[in-house]
């Protein structure tokens, strides 16, 4: 028996909405990766190169300086980190002298560029010193300095000092390049692992949806079975929706809207929202509050998510009933909130893993609840710790600073 028009419409709307959210999630992950790649080149080796050129000019009292880098594949020479000189003025020097330094691997000291018949006339450069940049006999560029006045020359001592600077600079540049390559490899591995885990989490409910959809379409399926399968399909869609929301919360940078708020009001709201779950499971609430008049600078909605995650986890740990204990106090300039349960406890081997993304011992769930919780607290300048014993229970302790660096959110006029 086919689905009713209204059921089919709602099912199609949920599937369409889910598909759009999945596409947005993967596009956002690709964007995060692209931006990470772009920003990874804004510091490190580039900063070393800039500092090396500046220090060479300052320490050797030169009038100008630059660094020439040779591309390993194209052999093209690029001038970077210019100090007191324009690119055009370095062009002839690079072509006639700097390439000779890089190709030969030996320093070059010329105290009368104008006296060289092959050099362009009219240049302000007179004394010139260049030293190759190399690591493990691999030359990838040269550091160059010059003086304008014919009376000021470079000495062998200057050459020795610049050689030492070039050696140290080249090692630092290579170190940062190797670190960047290592970070790239680790980043790709992390993205690959993240994508694999996302695919695994998404694949299970999608497989269920596909199977139930097939059963709904069979001619022999009864109306009761259709209703049952449709409910299961919607349940799996809701599960996918939760997975997507968790992934988005974990992967995107939060935009906090902080304001002064009573921390106890946030706890009360979380308890109200979880009251039915606690009552249904026969869980007793023990509440000890010493922060009734304490106001802190927080984003109430984000901190509410912290309390909801921890309370729901505690409820799940006490399927046969138990006691939920919440205590709050101020200590050492912080608000300290303990959330404890009388459940089975966390195995010692899992304690160090519970804040890892995707780690979970539950049959359902993404394992992102606690990592999201820790991230929210860190964004507020807070922290979270855990203490657990098998057969006794688990206690999470969260802290928030009384004096926060967060500023009250001020919406723009056009928002």
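The values are calculated or read from the model by the stated rules, or taken from the named source; none is laboratory data. Values in this document were obtained by computation on a predicted structure and should not be read as measured data. Cβ sites come from the backbone with ideal geometry, for glycine too, and all protein chains shown count toward neighbours.
Please determine, by comparing only the residues of the range 346-376 that are part of a loop (DSSP other than H, G, I, E, B), surrounded by 19 or more Cβ atoms within 10 Å (Cβ to Cβ) and in contact with a strand residue (DSSP E or B) (Cβ under 9 Å, 6 or more places away or on another chain), which one is modelled with the highest pLDDT. So the residue we want is 346. Every condition in (1) surrounded by fewer than 16 Cβ atoms within 10 Å (Cβ to Cβ); (2) closer than 30 Å to residue 402 by Cα is met by residue 282 except one, and the failing one is (2). Of the residues making up the range 137-151, those that are out of contact with any helix residue (DSSP H, G or I) (no Cβ under 9 Å at 6 or more places or on another chain), surrounded by fewer than 20 Cβ atoms within 10 Å (Cβ to Cβ) and closer than 24 Å to residue 51 by Cβ number 1. Residues in the range 77-104 that are touching a strand residue (DSSP E or B) at 6+ places or on another chain (Cβ under 7 Å) and either outside the structural domain of residue 142 (by TED's automatic domain parsing) or surrounded by fewer than 13 Cβ atoms within 10 Å (Cβ to Cβ) (or both): 87 alone. Residue 332 versus (1) at pLDDT 85 or above; (2) touching a strand residue (DSSP E or B) at 6+ places or on another chain (Cβ under 8 Å): which is the lone unmet condition? Every listed condition holds for residue 332 apart from (2).
Tell me whether the range 24-36 contains one or more residues that are surrounded by 17 or more Cβ atoms within 10 Å (Cβ to Cβ) and either modelled with pLDDT under 80 or in a loop (DSSP other than H, G, I, E, B) (or both). Spell out the reasoning first.
Within the range 24-36, the subset surrounded by 17 or more Cβ atoms within 10 Å (Cβ to Cβ) is 25, 29.
In the following step, the residues that additionally are either modelled with pLDDT under 80 or in a loop (DSSP other than H, G, I, E, B) (or both) were identified as 25, 29.
So far as the range 24-36 goes, yes, one or more of its residues are surrounded by 17 or more Cβ atoms within 10 Å (Cβ to Cβ) and either modelled with pLDDT under 80 or in a loop (DSSP other than H, G, I, E, B) (or both).
Within the span defined as the range 173-191, one or more residues are modelled with pLDDT of 70 or more and under 30 Å from residue 126 (Cα atoms). Go through the residues of the range 108-128 one by one and say whether even a single one is in contact with a strand residue (DSSP E or B) (Cβ under 9 Å, 6 or more places away or on another chain) and closer than 18 Å to residue 47 by Cα. No.
Figure legend. Inter-residue proximity from the range 205-218: first residues free of Cβ contacts under 8 Å to residues at least 24 places away in the same chain, second residues outside any helix (DSSP H, G or I), beta-carbon distance below 7 Å, spacing 6+ or different chains. Indicated pairs: 215/221.
Taken over the range 238-260, the criterion of being buried (at least 17 other Cβ atoms within 10 Å of the Cβ) and at pLDDT 80 or above is satisfied by 258 alone. Among the residues of the range 274-282, not a single one is in the same structural domain as residue 343 (by TED's automatic domain parsing) and either in a strand (DSSP E or B) or under 18 Å from residue 399 (Cβ atoms) (or both). Residues that are loosely packed, with under 15 Cβ neighbours inside 10 Å and either in a helix (DSSP H, G or I) or within 46 Å of the chain's Cα centre (by Cα) (or both) within the range 214-224 comprise 214, 217, 223, 224, listed in sequence order.
On the stretch given as the range 330-343, residues that are buried (at least 20 other Cβ atoms within 10 Å of the Cβ) and either within 29 Å of the chain's Cα centre (by Cα) or on the phi > 0 side of the Ramachandran plot (or both) total 3. State whether one or more residues within the range 295-315 are buried (at least 16 other Cβ atoms within 10 Å of the Cβ), modelled with pLDDT of 90 or more and over 34 Å from the mean Cα position of the chain (by Cα). Checked against the condition, which is being buried (at least 16 other Cβ atoms within 10 Å of the Cβ), modelled with pLDDT of 90 or more and over 34 Å from the mean Cα position of the chain (by Cα), the range 295-315 yields no hits at all.
If only residues of the range 320-329 that are surrounded by fewer than 18 Cβ atoms within 10 Å (Cβ to Cβ) and modelled with pLDDT of 90 or more are counted, the one that is farthest from residue 385 (Cα to Cα) is 323.
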